[in-house]
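The values are calculated or read from the model by the stated rules, or taken from the named source; none is laboratory data. This one's a predicted model, so the numbers in the text were calculated from it and none came from an experiment. Cβ sites come from the backbone with ideal geometry, for glycine too, and all protein chains shown count toward neighbours.
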Amino acid sequence: MKCNTYYGDHIFYDDMNKAIQTEDITFYNKYLKNNMRALEVACGTGRLSKEIYEHVNEYIGLDYSTDMLEIAKTKNRNVQYIWGDMRNLEKEKLGMFDIIICGFNSLQHLKNDEDIDNFLKSCDNVLRNKGLLIIDIFNPDMRFLNIKEIKEYRYSFYSEYYKDNIDLYEIRKYDKTTRINYLTNIYVNEKLNVNIESNTFMRQYFPGQLEELINKSNFSIKEKIGDYNYNEFNLQSPKQIFILQKSDGK
């Protein structure tokens, strides 16, 4: 079985990330206030929603995947979720926000500089003056950027959907020209005859490259952080987390 959409493997998304990623769930609390109106773009299955929702006055989660949103709605019934494209946030539909969060490498699913430019303009359109935009992406790791296609076992995780362990394999091929890492996740359980493939991609931003695009926008960089423990970024940091602020009066 093949799924050819971004994260077509939505039935595994929470379980596979629970096995490797929990540190970011409370990371954003430092920047949230109970009088804020917050928007999370690319909210996915609502993995971060409950934590953000409980620390602000109003929260909206937005995603491009209807499958992801359906899962989010079943998990967080008090939360408002909306289908939408983060490159085209509509003020008339959404209103204005004090903070926008684009977490867990979601920005890397935009393919080119034009998409990034449209995303930044779109966020500017629905952020109040001096509002915050937080972007969380990987700091590229050359061990995972293979010019020649490579397949390897990553890890196993327990699937609530299948009520058994799933082995995750990954096929990777990196295009140096576009800086896009093409990925195929393969989920295997031979006992249950599970063999599911899901294709996606992640564009890579080496230190300084995203800053160039941000500097052309209506945002300034307040902080650049290297991990979920709020450590300052350096070249060995696993993450590039940008705390951006919308320019005053624009």
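Observations
- Of all residues in the range 197-238 being of a type in the set (Val, Ile, Thr) and more than 19 Å from residue 149 (Cα to Cα), the one that is surrounded by the most Cβ atoms within 10 Å (Cβ to Cβ): 225
- When we screen 9, 24, 14 for residues that are in contact with a Ser or Thr (Cβ under 6 Å, 6 or more places away or on another chain) and either under 28 Å from residue 216 (Cβ atoms) or in a loop (DSSP other than H, G, I, E, B) (or both), the only hit is 9.
- Condition check for residue 101: in contact with an Asp or Glu (Cβ under 7 Å, 6 or more places away or on another chain) and at negative phi: yes
- Meets criteria (surrounded by fewer than 18 Cβ atoms within 10 Å (Cβ to Cβ), part of a strand (DSSP E or B) and within 18 Å of the chain's Cα centre (by Cα)) for residue 182: yes
- Checking the range 78-99 against the condition returns a match, with at least one residue being surrounded by 20 or more Cβ atoms within 10 Å (Cβ to Cβ), among the β-branched types (Val, Ile, Thr) and farther than 30 Å from residue 190 by Cα.
- Every condition in (1) farther than 27 Å from residue 89 by Cα; (2) surrounded by fewer than 14 Cβ atoms within 10 Å (Cβ to Cβ) holds for residue 145 except the one numbered (2).
- Residue count for the range 152-179, restricted to those that are touching a Phe, Trp or Tyr at 6+ places or on another chain (Cβ under 9 Å) and in a strand (DSSP E or B): 17
- For the range 84-98, the set of residues classified as in contact with a strand residue (DSSP E or B) (Cβ under 7 Å, 6 or more places away or on another chain) and not in a loop (DSSP other than H, G, I, E, B) consists of 94, 97, 98, listed by residue number.
- Residue 121 within 23 Å of residue 10 (Cβ to Cβ), among the charged types (D, E, K, R) and modelled with pLDDT of 95 or more: no
- Residue list for the range 69-100, filter: out of contact with any helix residue (DSSP H, G or I) (no Cβ under 6 Å at 6 or more places or on another chain) and closer than 24 Å to residue 240 by Cβ: 85, 98, 99
- Residue 72 small (Gly, Ala, Ser), at pLDDT 95 or above and not in a helix (DSSP H, G or I): no
- Being in a strand (DSSP E or B), in contact with a Cys (Cβ under 9 Å, 6 or more places away or on another chain) and assigned by TED's automatic domain parsing to the domain that holds residue 32 holds for only one residue in 221, 135, 241, 196, and it is 135.
- Scope the range 114-132; condition in a helix (DSSP H, G or I) and surrounded by 14 or more Cβ atoms within 10 Å (Cβ to Cβ); matching residues: 115, 116, 117, 118, 119, 120, 121, 122, 123, 124, 125, 126
- Residue match in the range 187-199 (condition: within 22 Å of the chain's Cα centre (by Cα) and modelled with pLDDT of 95 or more): yes
- Scope the range 152-179; condition over 17 Å from residue 9 (Cα atoms) and surrounded by 12 or more Cβ atoms within 10 Å (Cβ to Cβ); matching residues: 173, 174, 175, 178, 179
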